[in-house]
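The values are calculated or read from the model by the stated rules, or taken from the named source; none is laboratory data. On a predicted model such as this, the values are computed, not experimentally measured, just so you know. Cβ placement follows ideal geometry from the backbone for every residue including glycine, while neighbour counts extend to all protein chains displayed.
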Amino acid sequence: MEKKRVLITGAAGFLGSHLCDRFIKEGYDVIGMDNLVTGDLRNIEHLFKLQQFDFYHHDVTKFIHVPGPIDYILHFASPASPIDYLKIPIQTLKVGALGTHNCLGLAKAKNARMLVASTSEVYGDPLVHPQTEEYWGNVNPVGPRGVYDEAKRFMESITMAYHTFHGVQTRIVRIFNTYGPRMRLNDGRALPAFIGQALRGEDLTVFGDGSQTRSFCYVDDLVEGIYRLLLSDYAYPVNVGNPVEISLLDFAKEIIALTGTEQKIIFKPLPVDDPRQRKPDITKAKTLLGWEPLVDRATGLKITYDYFRSLPREELFKQPKEFNSIK
């Protein structure tokens, strides 16, 4: 029997690299694609020696050509942290719009099933708590975060249009805060920021009064949910995340306890349009996919902390990436 082939865009990123691992483990031939603007080849270098893995250094906002059959496409190419998408706003919009359009065109041509990586950010600063898939969101399209939020909202719209108009098999996952090994220490998100500050002996920075909440899902749980959704027959968005909610102030205290450091917590003004609360309603994932997260935060944080601690010391002091002339 012919092995199934899967194309994963954003393959050198945090989530994309874990998805490559999972599909190879499941016996698929995997084509990884990444333009390496925010991805890192070190995340997938262990796969290059494998016969069942190919890598294409390519920007999905340009025409995509992959010879041979493709059974599944997972579109995970996108800057995913504020520190990136605020520096490359146009590229962020293009990968959500043109990149998704190109991937959908490929899915149509190859008769492949396509899953797109949407986000809890489509809910914006939510007025409904917890967030269900039926909630339309509270997003500021002209605010600084709008470039990411609206790129993902458009991604969902064009994906549904290809599904209803062209009959392409599509799946939409709305991903809530995910963490684990291979996150970038300097990507600006709360978890790597706190751990990085603790490892460098700096005070931990909490924005606002720290009462805003997040719900953190360990990467292996997320990958399992994505895998089940891809193989399901449900075309509408599904939340995949961990509904255990924590305030960022309490989370900072957890990191201090985990790292055994003596740092203080300092407070800085809240960024524009920063969501005050995040908690997925995962009823759909439970009923449709039989999925719920299994890794508790203490376990996941320990694994993630050990990963960051094992990095070369210079990684701790690496400045966020600068992007030149990306439009």
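Out of everything in region 146-187 that is over 12 Å from Met114 (Cα atoms) and of a type in the set (Gly, Ala, Ser), what residue ends up being farthest from the chain's Cα centre (by Cα)?
Residue satisfying both the conditions and the ranking: Ala161.
Which of the residues belonging to region 268-317 are of a type in the set (Asp, Glu) and either closer than 26 Å to Leu231 by Cα or in contact (Cβ under 8 Å) with a residue 60 or more places away in the chain (or both)?
Scanning region 268-317 gives Asp273, Asp274, Asp281, Glu292, Asp296, Glu315.
For region 216-223, check the following and say yes or no: at least one residue is surrounded by fewer than 23 Cβ atoms within 10 Å (Cβ to Cβ), acidic (Asp, Glu) and at pLDDT 95 or above.
There is at least one residue in region 216-223 that is surrounded by fewer than 23 Cβ atoms within 10 Å (Cβ to Cβ), acidic (Asp, Glu) and at pLDDT 95 or above.
Take the conditions in contact (Cβ under 8 Å) with a residue 40 or more places away in the chain and of a type in the set (D, E, K, R) and apply them to Arg174. Does it pass?
For Arg174, the condition - in contact (Cβ under 8 Å) with a residue 40 or more places away in the chain and of a type in the set (D, E, K, R) - is met.
Quick one: is Glu224 under 30 Å from Glu26 (Cα atoms) and of a type in the set (Asp, Glu)?
Spelling it out, Glu224 is indeed under 30 Å from Glu26 (Cα atoms) and of a type in the set (Asp, Glu).
Listed residues Ala235, Ala193, Ala257; which is within 19 Å of Asp306 (Cβ to Cβ), of a type in the set (Gly, Ala, Ser) and under 22 Å from the mean Cα position of the chain (by Cα)?
Answer to the selection: Ala193.
How many of the residues making up region 158-171 are touching a residue at least 24 places away in the same chain (Cβ under 8 Å), out of contact with any helix residue (DSSP H, G or I) (no Cβ under 7 Å at 6 or more places or on another chain) and assigned to a loop (DSSP other than H, G, I, E, B)?
1
Just for helices (runs of 4 or more DSSP H) wholly inside region 221-327: which have at least 2 residues that are of a type outside the set (D, E, K, R) and touching a strand residue (DSSP E or B) at 6+ places or on another chain (Cβ under 9 Å)?
Filter on region 221-327 gives 248-259, 283-289, 297-310.
Report those strands (runs of 3 or more DSSP E) wholly inside region 1-105 carrying at least 2 residues which are surrounded by 20 or more Cβ atoms within 10 Å (Cβ to Cβ), in contact (Cβ under 8 Å) with a residue 12 or more places away in the chain and touching a strand residue (DSSP E or B) at 6+ places or on another chain (Cβ under 8 Å).
5-9, 29-34, 72-75
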